[in-house]
Amino acid sequence: MSDLTPEDQGVLDDLTAATAARRDVDPRHRDAARAAFTWLTVDAELMELTYDSLDEPSAVRGSVGAQPRALAFTSRTGSLEVEVDGDRVRGHVVPARAVTVVMRNAAGEMAEADSDEDGMFVLMGTLPGPVQFQVRGDVSGTTSWVRL
Amino acid sequence: MVKERCVPSEDPWPAGGTDADTATLVGEALRGSQPAWDQLVERFLPLVASLMRRYRVTGADADDVNQTVWLRLVEHLHRIDDAQALPGWIATVTRHECFRVQQQRGRSVPTDPQATATFDRPERAADLLEELLAAERHTALMDGLLELPAQRRELLLLLTEDPPLTYAEISRRCGIPVGSIGPTRARALQQLRRTRAFRRLTSPHPDGSHR
């Protein structure tokens, strides 16, 4: 085979890496990525993730697993704080209101709970895969997707 | 500017690798186009996959991280003002989710004294920069391929097969005599280096190179 210039050989090597990177993609990951598009909404009031206990340095969190996973989401109208406690998700909304909180995953599975007048609620059970929370009531919004 | 949106079905990678620019695809996806979204997925999924490999996130954790990244992108899509920043955004979210998985699994996370600054300015983190540059180069090469005549594109793709094909097999599949494969390969690579997509890549970056 005729020799290639170093530049051409470099391009061929990169091309080989590029096609390999595309072939190495897990088809399940492609399917999940494509399916995510069904969650495109333009009108939802987004409650953004503003705190995740996993982002704390390990030294601050103490021994791994000692602390429950805690998350906070905030929108212009209020915030939602949740804590994963085994197979329950406890949380509260601020300002304190009686609202309905729905937790759902991308497969459309849901769990739902009403908060008391202090804004406290408990969702029984967790769901597989990333989830988002929807708050319906005087405080309302939909959170970012998170892996619990 | 004419956008080549159709990929011949015989191309060996699934729908994707068009030279429609990312900004166009984002705009079309926001108007509800699933095909445009699928092309964004083809373009950036290898970046997500390579970062997950780099941070050794596998199995069910990788499924969850991958799904989280794409759901976040759907949620974030309407706020993308600069399509150029999209690969950096995807890489940052992927890396962050990989770090969270590692924390959760009790694995040590590489300590970075400037960790906070790193999340603020992801494009300055060395590990991300490396993956981003590779991904950008790969995308440009795949886009460049689409500017080549079909037979040359086919030849280059056959030459990148793993495991490698014999020249007899390559000759049979693309109809080029064995003795012409070498010279055709050289011409095809030179042509690839002259494509718009490839020249865009090698032209100097407006804000400097590696930082």
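The values are calculated or read from the model by the stated rules, or taken from the named source; none is laboratory data. Here the structure is a predicted model, which is why all the values come from computation and not from measurement. Neighbour counts run over all protein chains shown; Cβ positions are idealised from the backbone, glycine included. These accessible areas exclude ligands, DNA and RNA; they are computed on the full protein's heavy atoms, side chains included. Shrake-Rupley method; radii C 1.70, N 1.55, O 1.52, S 1.80 Å.
For the reader, a short list of remarks on this structure follows.
- Whole-percent carbon and sulfur share, accessible surface of segment B:148-194, 1.4 Å: 51 percent
- C-alpha long axis of helix A:6-23 to longest principal axis of chain A, angle in °: 40 degrees
- Rough spin-label spacing in nm, given labels placed 7 Å along Cα→Cβ, for residue B:23 and residue B:190: 3.4 nm
- Using the average count of surrounding beta-carbon atoms within 10 Å as a protection proxy, the listed peptides A:50-57, A:98-105 rank, highest first, as A:98-105, A:50-57.
- Nearest-0.05 FRET efficiency for residue B:105 and residue A:20, computed from C-beta distance (R0 25 Å): 0.35
- Remark: accessible area buried at the B-A interface is about 5100 Å², both chains counted, probe radius 1.4 Å.
- Segment B:28-42 - phi-based ³J(HN,Hα) in whole Hz, Karplus 6.51/-1.76/1.60, Gly and Pro as x: 5, 4, 5, 8, x, 7, 5, x, 5, 4, 4, 6, 4, 4, 4
- Computed accessible area, residue A:39, all protein chains, 1.4 angstrom probe, square angstrom: 50 Å²
- With all protein chains in place and ligands, DNA and RNA left out, the 1.4 Å accessible area ranks B:53, A:23 as B:53, A:23, largest first.
- Debye, to nearest 20: dipole size of chain A, +1 on Lys, Arg Cβ, -1 on Asp, Glu Cβ: 360 debye
- Inter-label distance, nm, simple model (7 Å from Cα along the C-beta direction), residue B:81/residue A:100: 3.8 nm
- Amide H to amide H, with H built 1.01 Å from N, residue A:85 comes under 5 Å of A:90, counting only residues 5 or more places away or on other chains.
- As a ratio to 2.2 N^0.38 Å, the alpha-carbon radius of gyration computed for segment B:148-194 takes the value 1.04.
- Pairwise FRET efficiency - residue A:3 versus residue B:54, Cβ, R0 = 41 Å, nearest 0.05: 0.75
- Kirkwood hydrodynamic radius (C-alpha pairs) into Stokes-Einstein, chain A, 4 °C and 1.567 mPa s, D in µm²/s: 71 µm²/s
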